[in-house]
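Encoded as structure tokens, the structure appears first; notes follow it.
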Amino acid sequence: MRHHIKKTALVVAAAASLVLASCSAGSSTSGGGDESPGGGATGGATGGTAGGQEASNASLSIGLVAEPANLDFTKTDGAAIPQVLLYNVYEGLVQLDQKGDIAPGLATSWTVSKDRKTYTFNLTKDAKFTNGKPFTAADAKFSIDRVKKDWTISLKSAMDVVDHAKVVSPTKLQVVLSHPSNDWLYRMTTRVGAMFSRTGVDHLATKPIGTGPYKLGKWTRGDSISLLRNNSYWGDKPYYKTVTFKYFKDPTALNNALLTGTINVIGTVQTPESLGQFENNNKYQVIEGTTNGEVVLSFNNGSGPMKNKKMRQAVRYAIDHKALLDTCWAGRGTLIGSMVPPTDPWYEDLTGLYPHDVAMAKTLLKESGEANETLRLRIPTLPYAVSCGTVVKSQLEQAGFKVKLDQLEFPAAWLSTVFTNADYDMSIIAHVEPRDMGAVFGDPKYYTRYTNPAFSNLLKQADEGTEQEQVTDMKKAAKMLSQDAAADWLFVLPNIIVADKGITGLPKNAISESFDVTGLAGS
Amino acid sequence: MVLRLLQRAGILLGSLVVSSVIVFAFMAVLPGNPARVALGVNASDAAVHEMEHEFGLDRPLVVQYLSWVKGLVTFDPGNSYVSGTAIGPQLADRLQVTLWLVVTAMALAVVVAIPVGTVMAVRHRKVSGLALSAVSQVGMAIPAFLAGILLIAVFAVKLGWLPANGWTPPAQDPVMFVKQLVLPVLSLGLVQAAVLTRYVRSAVLDVLREDYLRTARAKGLRPMRALVRHGLRNASVPVVTVLGLQLATLLIGAVVVERVFVIPGLGSLLLDSVSQRDLIMVQDVVMILVVAVLVVNFVVDLLYLVIDPRLRAGAR
Amino acid sequence: MSAQDALAVQPPGPDDLVGSAPARRRVNPSLLVGGFLVCLIVGMALVSFVWTPHDPTLVNASTRLQKPSGDYWFGTDKFGRDVFSQILVGSRTTLFVGFVAVGVAAAIGVPLGIVAGMVPRWLGELVMRGNDLLLAFPALLLAIMFAAVYGASTLVAMIAIGIATIPSFARLIRSGTLQVLGTEYVLAARAAGRGPFAIGVRHVLPNVSSLVTVQASVSFAIAVLAEAALSFLGFGTPPPTPSWGRMLQESQEMLWSAPRLAVFPGVAIAVAVLGFNLLGDGLRDRFDPKLEDRR
């Protein structure tokens, strides 16, 4: 899958440890023509101490909702695996910093050729895999080639643009793209760019081997995954000796675990209504930021009543987004008008395109000639979807629509009915993948069944153009999508973290795929 | 006696075979292709086919069934579709957790229900008996998970006496193990105790009506003594039946309490595997539950023979 | 049981010991309280068809999480929906749940039990073995499996629970049937040349109907509890149909800020279960005190 949808529907994360590096590497891809140096003089992960703290013997326990089925994200989809492993166990050549900029990882710097097709990475010579092997350019080439060859998840298509990778020297790697792509380097910060050992990919499902500051400790299935500090890590050692991710199917149990001291951090709050009990308690800190998770009221653009643009527009007018956010997610989150979260460079507030206007909705509904159709709103059994589904149904009915709400077991039943077979009129799902506008609406075979060549062309232009062109074109694309009412965007999920007071380095915004624990520290 | 035993064992065996067929057939109609779920929906058909082949899902159903049964019988159920890891050790772990929970809860239920139920029967016309009766009725009316939520709210969150949830293996930290076990066992056990007291009461009431107890009383024994000396054995027959049935319900009924208290037992494994379409795992978990129930029934049957002299006589 | 035993009149015993005097004439408190509670639930359901103070499914952001008041008797939930109206309409779900589950169980279990009692003994035993096999699939397990196949819905869950309840009906009815078949009037009917079908319908069924009523009442209570548990796990009644089980589940995250949201559905469930359990007990005592051990 291009995007991933997971129980939490949140990729909570951020590269908190690399705040220092981000300053020096901010504009590494601004290749307007000259070969632009990427990265600072020093590599990101070697600059400064993680979180400004010395390594300690302390341990930390983080509560999450969705447990990975296995640990191999090259073959198994879902946000839960990279959440734990990326940046903690696996590192990429580059990674995303807290501001959303591309920062050095295993590559201390890089240059982009004039035609913006050749990337030359200077790699650290200090990194070692946890199987004892040193990290070299050959491993990097192996990892990049392996995406095309052995990965099975659909995200691997991010690597399609790569023509070939070449080992120049053990610390120098050249990657040649078949056409210029703004997106490619960005995708290298995600799981697709994770670096594997040439001799360490035999048991990925149970024994991940990376270069990161942590290595896998113990995985108690159905309960927890613990990470141990990698004492031979090439960069600065993280503060916590062990970090345990504990999994709670029931969000209330997750809250109780923090209240009774079983865990120290709630990684993703799933019950925004319950925040009061933490906000009014000076033992805890509540961090609220934003994520990449657009909660989308998706339409079947390909067939059925929602193929009719007037119907889609009518639905968009009928939804009172402010009221929806207040009731469905306790007013936490950000309203958006298109498939761009506020943290992306091409974000624009498009909520004004379809203001709440019941009269307009009724008129359009009548004009559409589909007013007698019963819309099948088929939602997955996920907390936000069930909650929002209730509100959407009620609001649509107040505007004269006929709506039938079906709840489909997530993931299996929802995936096969809505996602694979597109047997639905409307659904609600959070698309949590970063920069997923193209993935969700650019492919006519995707479950949204949205076909618009002009839109696809814009995306292509954006990818191949300059950085400035990319921003302009993406803005245009987002607006086109919104005006065409390809879907309705309910809101962007907030990143809400609750933690014991005194834990520092928790990210405000969750914009990468990783729950990066390397920069966390205690006091 | 031996004949009866053999007959029972035969029934057990037959039941096991039939139920394994039912379970397998059921899984075969479950919608959602496990290979596709494992790979993600956008995976190519070729990749799905390859994985199906790897799992052996492309073989004829009969072959799949036989190899599944073989795996079960040899205690080597193979690897999970989803995690790729061996199923056997996982099942053993989870079963152990659930057994701790269920057996402890059952023990609690029995310890509470037998004296309380007996008192309720003996004093069934008195205020104390009626009051106990009313309490047990209310206890039966409360869903176990609600009891769990309330217990957590009071004893864990409010008072902070016990952890709200979690599970620690006894070998790792016995103190924590006990602490974490208290609340789930209470919520599971007390509700069961309420149910069980009703049966104990009614069984004891029946025994109290029997002639030999009248005789004993006529000889001057006080009702309680007469009952303890002569009646409990007979009263235990229906109670054992109910215990067996309850144990069966509890094995799966624990799933809700496992969810409330975040206990990695068999029930939560079942729910996870169902949602991940880890069919072989689902099959194995369901089969374990079914086997457990059938074995419990078998044991109950044997217990009858031991407890009830009339049955023993009738068997000849 | 010998004929002598059967004919023996129970001697009056000391009241505190045996309770031999069945509360036939006396007011039976279980029956009274149970009947009242069940009538209350049924009454609520009937009222909800013609009147609710507010639309129970109308989401309204401006009235969310209100405390109980003259306008909203039980307050409102996080969607701004009136809790009292939901409780009223939720009683329909509860009754639906019970009727479907008990209906399925009785429709299959009763005939099965009667037939198993009337056919030759070995065949009856065989049927009972199959019946026991079904017992090995507890209600919750079946419901989860069914939900996986057919998707979560009230009906699917309740059919599963109904199927899992078949064995208790069949077992009970078979033993009742065996008892009825031994009575003199059935022997007389046989002697008069009545066929087995006629005997089954004319003599056995009416005589076991009291057993059916008792068992139905108890199973009803179990089904209500099961719906609550399934809703908690997310396999129960899908939104927005008001259901007490789901209301309870939804209220969890606000247990601290608005405990009333858990109290009302929790009490409603407990009242329904208590009502049907008591009704079952009361009916059992009324029909035949000696049936008490046959559950």
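Of note:
- Whichever residue in the stretch B:127-185 is farther than 27 Å from C:F276 by Cα and polar (S, T, N, Q) and, among such residues, is surrounded by the fewest Cβ atoms within 10 Å (Cβ to Cβ): B:Q172
- The stretch A:115-152, residues that are in contact with a Lys or Arg (Cβ under 7 Å, 6 or more places away or on another chain), within 30 Å of B:M51 (Cα to Cα) and of a type in the set (A, V, I, L, M): A:A138, A:V147
- Every pair of residues 6+ apart whose Cβ atoms lie under 6 Å, when the first sits in the stretch B:97-124 and is at negative phi while the second is surrounded by fewer than 19 Cβ atoms within 10 Å (Cβ to Cβ): B:M120/B:G129; B:R123/B:G129
- Screening the stretch C:253-265 for residues that are surrounded by 24 or more Cβ atoms within 10 Å (Cβ to Cβ) and at pLDDT below 90 and picking the one that is nearest to B:G148 (Cα to Cα) gives C:E253.
- Selected residue (only one of C:V102, C:V97 is in contact with an Asp or Glu (Cβ under 6 Å, 6 or more places away or on another chain), in a helix (DSSP H, G or I) and buried (at least 18 other Cβ atoms within 10 Å of the Cβ)): C:V97
- Within the stretch A:145-157, tally of residues that are more than 13 Å from chain B (Cβ to nearest Cβ) and crowded, with 21+ Cβ neighbours inside 10 Å: 1
- Filter pass, B:A43 being at negative phi, surrounded by 13 or more Cβ atoms within 10 Å (Cβ to Cβ), at pLDDT below 85 and within 9 Å of chain A (Cβ to nearest Cβ): yes
- Of all the listed residues (B:L130, B:L72, B:L146), the sole one being at pLDDT 85 or above and not polar (S, T, N, Q) is B:L146.
- Residue satisfying all of: in the stretch B:127-152; of a type outside the set (A, V, I, L, M) and at the interface with another protein chain (Cβ under 7 Å from one of its Cβ atoms); nearest to A:T252 (Cα to Cα) among these: B:F145
- Count of residues meeting criterion [under 22 Å from A:D236 (Cα atoms) and either buried (at least 22 other Cβ atoms within 10 Å of the Cβ) or not charged (D, E, K, R) (or both)] in the stretch A:123-138: 11
- Test result for C:V127, more than 8 Å from chain B (Cβ to nearest Cβ), under 18 Å from C:A228 (Cα atoms) and either aromatic (F, W, Y) or assigned to a helix (DSSP H, G or I) (or both): no
- Candidates C:A148, C:A170, C:A157 - the one that is under 21 Å from C:A228 (Cα atoms) and under 17 Å from the mean Cα position of the chain (by Cα): C:A157
- Pairing residues of the stretch C:235-255 that are at the interface with another protein chain (Cβ under 7 Å from one of its Cβ atoms) with residues that are at pLDDT below 80, at Cβ distances under 9 Å and at least 6 apart in sequence or on separate chains, gives C:P238/C:G151; C:P238/C:A152; C:P238/C:S153; C:P238/C:T154.
- Taking (1) more than 11 Å from chain B (Cβ to nearest Cβ); (2) without any contact (Cβ under 8 Å) to a residue 40 or more places away in the chain in turn, A:T252 satisfies each apart from (1).
- Residue in the stretch C:37-53 that is at positive phi and in contact with a strand residue (DSSP E or B) (Cβ under 8 Å, 6 or more places away or on another chain) present: no
- The residues listed here are A:K114, A:K148; of these, the one that is touching a residue at least 12 places away in the same chain (Cβ under 8 Å), in a loop (DSSP other than H, G, I, E, B) and more than 19 Å from A:A462 (Cβ to Cβ) is A:K114.
- Filter pass, A:T260 being within 14 Å of another protein chain (Cβ to nearest Cβ), without any contact (Cβ under 8 Å) to a residue 40 or more places away in the chain and under 30 Å from A:Q395 (Cα atoms): no
- The strands (runs of 3 or more DSSP E) found wholly in the stretch A:211-284 and carrying at least 1 residues that are of a type in the set (A, V, I, L, M) and surrounded by fewer than 23 Cβ atoms within 10 Å (Cβ to Cβ) occupy A:214-220, A:224-229.
- Candidate set: the stretch A:392-412, residues that are closer than 19 Å to A:V295 by Cα and under 24 Å from the mean Cα position of the chain (by Cα); chosen: the one modelled with the lowest pLDDT: A:P411
- Residue that is farthest from C:S210 (Cα to Cα) [pool: residues in the stretch C:256-285 that are more than 8 Å from every other protein chain (Cβ to nearest Cβ) and β-branched (V, I, T)]: C:V263
- Subset tally (residues that are without any contact (Cβ under 8 Å) to a residue 40 or more places away in the chain and of a type in the set (A, V, I, L, M, F, W, C)) for the stretch A:472-498: 1
- Failed condition for A:G200, given (1) within 14 Å of chain B (Cβ to nearest Cβ); (2) under 27 Å from B:I87 (Cβ atoms); (3) not in a strand (DSSP E or B): (1)
- One residue alone among C:S175, C:S168 is in a helix (DSSP H, G or I) and within 11 Å of chain B (Cβ to nearest Cβ), and that residue is C:S168.
- Index of the failed condition, A:G210 passing every other in (1) at the interface with another protein chain (Cβ under 9 Å from one of its Cβ atoms); (2) within 27 Å of B:Y81 (Cβ to Cβ); (3) within 23 Å of the chain's Cα centre (by Cα): (1)
- One residue stands out among those in the stretch B:103-119 that are under 26 Å from the mean Cα position of the chain (by Cα) and within 14 Å of another protein chain (Cβ to nearest Cβ): the one that is surrounded by the most Cβ atoms within 10 Å (Cβ to Cβ), which is B:G117.
- From the options A:L377, A:L415, A:L396, residue that is more than 25 Å from B:D272 (Cβ to Cβ) and not in a strand (DSSP E or B): A:L396
- Annotation: of all residues in the stretch C:146-165 being within 14 Å of chain B (Cβ to nearest Cβ) and not hydrophobic (A, V, I, L, M, F, W, C), the one that is nearest to C:N207 (Cα to Cα) is C:T165.
- Residue count for the stretch A:358-389, restricted to those that are acidic (D, E) and surrounded by fewer than 16 Cβ atoms within 10 Å (Cβ to Cβ): 1
- Considering C:R190, C:R202, C:R129, the condition of being in contact with a Ser or Thr (Cβ under 9 Å, 6 or more places away or on another chain) and of a type in the set (K, R) is satisfied by C:R129 alone.
- Restricting attention to the stretch B:186-197 and to residues that are more than 18 Å from B:A164 (Cα to Cα) and buried (at least 24 other Cβ atoms within 10 Å of the Cβ), the residue that is nearest to the chain's Cα centre (by Cα) turns out to be B:Q192.
The values are calculated or read from the model by the stated rules, or taken from the named source; none is laboratory data. It should be emphasised that the depicted structure is a prediction, and the values quoted were computed from it without experimental measurement. Note: ideal-geometry Cβ built from the backbone for every residue, glycine included; neighbour counts use all protein chains shown.
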